[in-house]
Each structure stands twice: as C-alpha cells, then as structure tokens.
Amino acid sequence: MKFEGEIAFRHIAIEGVLKSRKTLLAHLLAQKIGGQLVLDPTGNPYLKDFYNEKEGAAFLAQLIFLANRYHQQSRLLQRDLFLDRIICDYLFEKDKIYAYQTLTDDELLVYERIYSILAERIPHPDLVIYLQISVKTLIKRIEKEGDVIEKNISEKYLEDIVEAYDYFFFNYKATPLLVVKADDLNLSQEEEVWDLIEQIKQLTRGTLYYVPRSFKAKS
C-alpha cells in the first residue's frame, strides 16, 4: 500500500515503556510516511550497576541518559524542520519519569537543575504517540524477549514504571497526543499500521484514544 494524503506533523515522538514496540513503530512510520529516524541512544556504563542496586548507580545512570539524549536532540536544531520530518522513538521529557522513580530527594534537586537548563535548548515534537501496555503484557514480553538485565528487574519496579507513564500521559497537554492501546497491537500486519497512520492524519489537537483492530477482533 502506498502512502497518500498529507500529515501535518513534522516532528513525531513515540513513547512507551520498554517492550512497547515503540522503536519498531518508529521504523515503520519512517518507511511509510517518510522522515529522519532518531533512536534513543543506547549504551550506559552504569545501567548494570543500577539494576544490581549498587549505591549511587541510579544517579550516574540517569545523568548519562540525560546527557546522551540532550546531545542527540540538540543536533536536530541544525536541521530544517520545515523540510525534514523527524520520527523519534522517545520523548525527551520521559527522562524525568525514570528520575522520579529511582533518585533520592537530594539527587532530584541536582537532576532538576541540570534538566531545566538542558530542556530549554532542544526542539520539541508537534505530535506524541503513547503506546500504552499493561504490566501483564510487559512482564510476558520480558520473559519471552528480555535480556539478562531486564529479566532481573523487579515486578514492583515494572508496576511503578507503568503507573508513572500512565499518570504522565494522562496529564500531558504540551502537544497533540495519540494514545494507542498497544497490548495487542500487531505491527506485522500492514492493515494495522495503515489504520494507525489514518489516526495520525485525523488528529489535529487534544488527545485521541485509539483501539487497534487486533484488540477489537480479540474482544
């Protein structure tokens, strides 16, 4: 199927907890509607220590993530956003979701000062897509697809992260927002992907909640 029509959004950010398929969706959108693909920087020397609950590792890991994302996002300002569509598999603001789950009060004071300075110097999306999945789906996907580090994450931490994401996007008003019930979203089906693209085309402002065909069929 060939893409037809016009999508007004020039900077799309896709968010969701780990295993939500946000990177896969970013790849598919870049292929089908066109755009520069921007992926969340990987590699963090303190991540393993963080999951092993080593003292101080959470703060160091969070600062590395923040710095890497800032350097990547700031480079996007050099591009012509009116000519190049950007499709990013993360939202810069999501960094704070994890920070508030893992850092101490004293660490948060330092983090917030650094974050507030950096956040002023990056481009902001004009559409955000949130792939919402349940704790049950997250745990099932980690058991099936997760690496050694992910399989060692506590269920309580996963529950807290899912809850924090849902709370963040329930209150999100900065841009138009497409919330996708993604537990059963089947991105291997062309029809499902194009249906989602149609939702993007129709969205102009506010929040739109989208239930994929795969979930409706299952119901």
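The values are calculated or read from the model by the stated rules, or taken from the named source; none is laboratory data. Everything quoted here is computed from the prediction, not taken from an experiment. So basically every Cβ, Gly included, is an ideal-geometry build from the backbone, and we count neighbours across all protein chains shown.
Structure above, values below:
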read-out: Restricting the stretch 5-18 to residues that are surrounded by fewer than 20 Cβ atoms within 10 Å (Cβ to Cβ) and either among the charged types (D, E, K, R) or closer than 27 Å to residue 163 by Cα (or both), the residue that is modelled with the lowest pLDDT; value: 6
read-out: Restricting the stretch 111-139 to residues that are touching a residue at least 60 places away in the same chain (Cβ under 8 Å) and aliphatic (A, V, I, L, M), the residue that is farthest from residue 28 (Cα to Cα); value: 138
read-out: Residues located in the stretch 119-139, provided they are part of a helix (DSSP H, G or I) and modelled with pLDDT of 95 or more; value: 135, 136, 137, 138, 139
read-out: Helices (runs of 4 or more DSSP H) wholly inside the stretch 33-110 that include at least 2 residues being at negative phi and without any contact (Cβ under 8 Å) to a residue 40 or more places away in the chain; value: 57-75, 94-102
read-out: Test: residue in the stretch 98-108 that is of a type in the set (Phe, Trp, Tyr) and more than 28 Å from residue 10 (Cβ to Cβ); value: yes
read-out: Residues (out of contact with any Cys (no Cβ under 9 Å at 6 or more places or on another chain), modelled with pLDDT of 95 or more, under 22 Å from residue 165 (Cα atoms) and crowded, with 17+ Cβ neighbours inside 10 Å) located in the stretch 20-50; value: 20, 21, 22, 25
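Here is a yes/no grid of residues against (1) at pLDDT 95 or above; (2) crowded, with 19+ Cβ neighbours inside 10 Å; (3) over 20 Å from the mean Cα position of the chain (by Cα); (4) not aliphatic (A, V, I, L, M):
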position	(1), (2), (3), (4)
80	no, no, yes, yes
83	no, no, yes, no
86	no, yes, no, no
113	yes, no, yes, yes
146	no, no, no, yes
165	yes, yes, no, yes
